[in-house]
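Working notes, beginning with the structure itself.
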Amino acid sequence: MSDVGRLLEQLDDGDLERLAERLAPYLPLKTDGSGEWVDSKAAAAHLGISIHALHRLTAERSIPFSQLAPGGRCYFKRSELDRWRTEE
């Protein structure tokens, strides 16, 4: 196993989430040009951030999202997420 592999084995889930958040700006976006709506879990995965980071962004109203009712589930349009990411 490589040094990097051994290091990754030592990280817990919290460490890995923080690492993913730090690396996300350097990774290419995976876009399919779709305007499809996704839930929070899929949006976080699409952006390469943790669900907790996504919740912080929605609470701050820093990211585009929609809700069917106040306090309800959040939904995100992939094309808007991609646009938001490139504007950051």
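The values are calculated or read from the model by the stated rules, or taken from the named source; none is laboratory data. Just so it is clear, the model here is predicted, and its values are computed rather than measured. Ideal geometry is used to build each Cβ from the backbone, glycine not excepted, and the neighbour counts take in all protein chains shown.
Okay, here's what the table says:
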| quantity | calculated |
| --- | --- |
| Matching residues, the stretch 56-74, being touching a strand residue (DSSP E or B) at 6+ places or on another chain (Cβ under 9 Å) and either at pLDDT below 95 or crowded, with 16+ Cβ neighbours inside 10 Å (or both) | T58, I63, F65, S66, Q67, L68, R73, C74 |
| Inter-residue pairs, beta-carbon under 7 Å, first closer than 14 Å to L47 by Cβ and touching a residue at least 40 places away in the same chain (Cβ under 8 Å) and in the stretch 63-78, second not in a helix (DSSP H, G or I) and not β-branched (V, I, T), 6+ apart | K77/G35; K77/W37; R78/S34; R78/G35; R78/E36 |
